[in-house]
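Here's the structure, in structure tokens; my notes come after.
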Amino acid sequence: MYGRKVKLRFLFVVIILITLILTTFLILKSLEENVVYFQSPSEIKSLSEIDKSKKIRVGGMVKNDSISISSNEVNFIITDFKNEINVTYSGAVPNLFAEGKGVVAEGFLKDRNFFSAIKILAKHDENYMPPEVKEALGEK
């Protein structure tokens, strides 16, 4: 019914479509495994089940007067002004890390109230300007 050229073109189009669908699926699947979701302390409190082996990110504000630094560990409280979660972290904290400032901690939940961080990411507001730029603008 159809000629050989038409059958080859149809086969070529089908192979390209299958390849695109498979590639899209593999990309989305790999992203799903590597994405770490951001949760607030209130969302953690409302979890029905805690997976202690799953890496998550907890974000909010560092509670005032909550930072306690020992020789090799930093303890602080992240709050979203409704609920709080205690965080322990071993390592150097970013320069922007301070009480009353935004922070995102990546790590593992011990339970609904305690979080063991492996990475601390300090957040800045939309008005942030690096000190070098601020000095350059101040000179003008």
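Quick note: the coordinates plus some simple rules give every number you see, no bench work behind them. Everything quoted here is computed from the prediction, not taken from an experiment. A quick note on method: Cβ atoms are made from the backbone with ideal geometry, for glycine too, and the neighbour counts reach across all protein chains shown.
The table that follows gives values for the structure above.
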quantity	calculated
Longest exposed-site-free window of the chain, the sites being GluC sites (Glu not before Pro) in a DSSP loop that have at most 10 other C-beta atoms within 10 Å	50-125
Net charge contributed by nearby residues that have their C-beta within less than 15 Å of Gly107 (K/R +1, D/E -1)	+3
9 Å beta-carbon shell around Ser66, net charge (K/R +1, D/E -1)	-2
Local electrostatic count, Ala117, Cβ distance below 13 Å [Lys/Arg +1, Asp/Glu -1]	+2
Ordering of 15-22, 88-95 by packing [mean C-beta count within 10 Å, highest first]	88-95, 15-22
Residue pairs, from the table Lys29/Lys110; Lys45/Lys119; Lys45/Lys110; Lys29/Lys54, whose Cα atoms sit over 23 Å apart	Lys29/Lys110
Among Asn75, Ser53, Pro94 the positive-end extreme of the charge dipole of the stretch 38-122 (Cβ point charges)	Ser53
Selection from Val62, Tyr2, Leu28 lying farthest towards where the dipole of the chain points positive, charges on Cβ	Tyr2
Distance-filtered residues of the stretch 48-63 - backbone nitrogen under 19 Å, label point 7 angstrom along Asp111 Cα→Cβ	48-54
Residue with peak Gaussian network fluctuation, the chain [Cα springs, cutoff 10 Å], from Leu96, Leu28, Leu109	Leu28
Förster-model FRET efficiency, 22 Å R0, Lys119 and Thr19, C-beta, rounded to 0.05	0.05
Charge dipole (debye, nearest 20) of the chain; +1 at Cβ of Lys and Arg, -1 at Cβ of Asp and Glu	1160 debye
